[in-house]
Amino acid sequence: MDATDPRMNLIACEIDRMHYENGQTGLQIAEQWIVSHINALLAVTEARAQDPRTYPGFGDGTTEETARRIVARLLDAGWRPPDTECLDVPAIPTADL
C-alpha cells in the first residue's frame, strides 16, 4: 500500500501511515508493534519484580491487557477481522457427489 491507495484513509495511526508510505507491508508493521508491546511487557514485569510501584501508568501489565493493546494497534494500522461469512466457510471444501 502506498500514499495514493484509497485504503490509506482507513489507517488511524500516523506512524503506521508513515511505515506504509515507506514501503513496509502490513505484516512487517504488525510484527514491529507486537515485538514492541511484548518487550514493554517484559521490561515492566522485570522492573515490577524489583519494585511493584514501577511504571504506574503502564496498567496492570497482564498478558490479557497486552493482547488488547496489540489488537488495538493492529486495528489502528488498518487490519480488520474477517467478516462473519468468512468464519462460517469450512476449512476443507466438501465435494458434491
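Within region 14-26, the set of residues being over 20 Å from Ala72 (Cβ atoms) and either surrounded by 12 or more Cβ atoms within 10 Å (Cβ to Cβ) or at pLDDT 95 or above (or both) comprises Glu21 only.
For the structure I just gave you, tell me whether Gly78 is in a loop (DSSP other than H, G, I, E, B), at pLDDT below 95 and not β-branched (Val, Ile, Thr).
Taking the combined requirement at face value, the residue satisfies it.
Just checking, how many residues over region 1-13 are of a type in the set (Val, Ile, Thr) and surrounded by 14 or more Cβ atoms within 10 Å (Cβ to Cβ)? First the steps, then the outcome.
Filtering region 1-13 for residues of a type in the set (Val, Ile, Thr) gives 4, 11.
Those still in the list that are surrounded by 14 or more Cβ atoms within 10 Å (Cβ to Cβ) too: 11.
Adding up the residues that qualify gives 1.
The set of residues from region 27-51 being farther than 16 Å from Thr63 by Cα and open to solvent by 40 Å² or more (accessible area, probe 1.4 Å) comprises Leu27, Gln28, Glu31, Gln32, Gln50, Asp51. Taking region 52-73 as the range and being out of contact with any Asp or Glu (no Cβ under 8 Å at 6 or more places or on another chain), open to solvent by less than 60 Å² (accessible area, probe 1.4 Å) and more than 30 Å from Thr4 (Cβ to Cβ) as the test, the residues that pass are Thr54, Phe58, Gly61, Thr62, Glu65, Thr66, Ala67. Touching a Cys at 6+ places or on another chain (Cβ under 6 Å) and either surrounded by 10 or more Cβ atoms within 10 Å (Cβ to Cβ) or of a type outside the set (D, E, K, R) (or both): is that true of Asp76 in this structure? Yes.
The values are calculated or read from the model by the stated rules, or taken from the named source; none is laboratory data. If you're wondering where the values come from, they're calculated on a predicted model, not measured in any experiment. Heads up, the Cβs are rebuilt from the backbone with ideal geometry, glycines too, and the neighbour counts pull from every protein chain shown. We work out accessible area using only protein heavy atoms, side chains counted, and drop any ligands, DNA or RNA first. Shrake-Rupley method; radii C 1.70, N 1.55, O 1.52, S 1.80 Å.
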